[in-house]
1. Counting DSSP beta bridges with both partners in the protein assembly as shown, what percentage is antiparallel, nearest 5?
2. Could you give the dipole magnitude of chain A about its Cα centre, charging the beta-carbon of Lys and Arg +1 and that of Asp and Glu -1, in debye to the nearest 20?
3. Please state, rounded to one decimal and in Å, the Kirkwood hydrodynamic radius that the range C:129-252 gives when every pair of distinct Cα atoms enters the mean of 1/r.
4. Would you mind getting the Kirkwood hydrodynamic radius of the range C:123-177 from its Cα pairs, rounded to one decimal in Å?
5. Test of the criteria: in the range C:1-80, which GluC sites (Glu not before Pro) are in a DSSP loop and have at most 11 other Cβ atoms within 10 angstrom of their Cβ?
6. Length gain on complete extension for the stretch residue A:133 to residue A:207, per 0.36 nm per residue less the alpha carbon to alpha carbon distance?
7. Compute the helix-to-body angle for C:234-247: its Cα long axis versus the longest principal axis of chain C, expressed 0 to 90° and rounded to tens.
8. I want the antiparallel fraction of DSSP beta bridges within chain C, as a percent rounded to 5.
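Each value in this text was obtained by applying a stated rule to the coordinates, not by laboratory testing. Nothing here was measured: the structure is a model prediction, and the numbers come from that model. Every residue, glycine as well, gets a Cβ built from its backbone with ideal geometry; the counts of neighbours run over all protein chains shown.
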Amino acid sequence: MENLELIIDALPYLLEGTLVTIQLTFWSLLIGIVVGLPVAFAQVYGNKVLQGIVAVYERLARSIPLLVMLLLINYGLPRLGLRIPIFTAAVIGIGLRSAAYQSQIYRGAIQSVGGSQMKAARSLGMGKLKAFFYIIAPQAIRIAIPPVANESAIVLKDTSLAFTIGVVELLRQGEYFIATSNEPMVIYLTIAAIYFILTTIVNGGLSLFEKKYQIPGIGIEGGHSDAY
Amino acid sequence: MLEIFMEYYPLFLSGLGVTVFVTLISCSLGTVLGTFLALGKIYGNKLVSAVVRTIISIIRGTPLLVQLFIIYYGLPSWGINMDPITAAIISFIINSGVYQAEYLRGSIQSISGSQLKAAQSIGMTKWQGIRHIVLPQAFRRVIPSWTNEFIYMIKYSSLAYVIGARELMTEGKLIASRNYQFFDVYLVVALIYLIVIIFFVAIFNRIEKKVTIP
Amino acid sequence: MPTKHLLKIEDLHHSFGEEEVLKGISFSLDKGETKVIVGPSGTGKSTILNNIIRLVPPKKGKIYLEDTEITSAKKINEIRQQIGFVFQDFGLFNHLTAKGNIMIGLTKVKKMNKKEAEDLALLELDRVGLKEYADSYPSQLSGGQKQRVGIARALAMQPKLILFDEPTSSLDPELTGEVLKVMRNLAEEGMTMLVVTHEMGFARSVADELIFMEAGKIVEQGNPEKLFTDPDHQRTREFLFQLTDLYGEGEN
């Protein structure tokens, strides 16, 4: 099988790219959480001004294609005098997109736990913060797990767009190898298989976690991130 | 920025036209494909159901960009060549069809049980029941997912840029490589996407209100 | 084996997995007759009805509709057209109006033209007292109204008999009367009916024959008055008294 040999030759390069893909995914998701959570709080508990600002951010992040965002960051930041590595640019772009979707997930989760739970907690004499940490958060986190798993898989797949601004991740490594081997189909299929394994792990891992902490009656279908 | 748009608006607009066209075709044919996949998964025999399941999980588990590359750069290795637009549309149809299949499946299954039984009780065949009773309800129920899918596709059709299909994003790149104002040109592109998406969201909200069953 | 009965059931068996729910049921139904099946929950009453039109295919036994053995008949959809079915949960098509619910079987199954189907639909709706609700969607109707549409839908197919699967069990008590009244009228008009219900008042006053079932078997069947006042089996007496206590005389 010469295809097999080809794959074996390509594998070290592809795995190197895979590592970058995983790093991109990790940092982007982290930005998504770090930005997404406060945004969700602002939406739920913030005043009108804060809610307005957050709404504009969401609208932008949900309407402008990730590809365009990445190019804007890549060409725009240097204009502001910020020279950043393309890896960072990619993480910022993917992360900020994800933050908008994650905030929606967290907001939905917090709201679906509901005001009556907050009231009940307050009736026991808990302060707002205590009520949030002991009553709202434990329930909201469980509700948020399935959609967050779905979003993680989306981010993982979206990191392939970092290719377009030159980050040497899995897809770009594949391109390099194709340039020398001239066997695009075999390499692309291998790349697809690697992505498939990665998304399966992401979904599987989180669904294990989900099962462990499940509250009966909660769960959603993973789809494309809801776009608006 | 406005100057850039005024100078190149025929190019921007033709790109936008292609973007909307590609999205419309992909989502609509995606619905057709998705319907067959969903029906195959639910009502098909073990083999059909397993094949559909596999297709769905493979497409869902891999990036659209990779799917696009496989179709545009990979298929020629097997002697199948096509122009960038066709390659883009085909990969979008497959991708969208698979996601729509999942939306539809959920919706069909939530309707199927008792409604299909009622249909059969008045003498309908299973297929008649699916066609006249289950699917009309399922389609209505997935309209919100469908419009989401449409918005998603407008944005992700920009990926066709990497294979040079001349939609909005590609036109932007071509303009930028002429005047070297990359940032400003892409900002115009971003604004056009923003406006178009706000426009479609508004339209869809209206349609949804109209077709809702009381 | 040809019979003179409209519906004849011979030694019907059914099981779900390991659990045997029907252990040899036999009875028959003549034209114009109303029979009511009563018995505790989970004794397979509804399964019999589902077996008859093969929404749940029976495991063993034979069922005849007039001269045709329908347990293995190929054209089950033609048989289902001849046997109406009224569901406990109404089974209305949620995307269609009351009128549409009745018309769809006529146009798609009986291939009637639209105008004719509409006329017939309105006629049947009138028969159940719902003419003015023709354009309402199921979600806009009360439970009792939904069930009357369900009955009208079954009637419109002009069936030889109608099976009622606990038609009032999903209804609030104050809504059962309107449905039972429609059923009583049908019985008086000579419709052949097989009814599974807990409504003892209806059973007693409308049924030509009462069938008491328990644990997958017929314990006793006969004239309702006899079963209520002087049953052969102690178990029948206990059950009927208990139910009458629980549900009262229903519509009265």
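1. Here the share of antiparallel DSSP bridges comes out near 55 percent.
2. That gives chain A a dipole magnitude of about 1620 debye.
3. 15.6
4. The answer is 11.8 Å.
5. Passing sites in the range C:1-80 are C:18.
6. 24.3 nm is the gain from fully extending residue A:133 to residue A:207.
7. 40
8. Among the beta bridges of chain C, antiparallel pairing accounts for roughly 55 percent.
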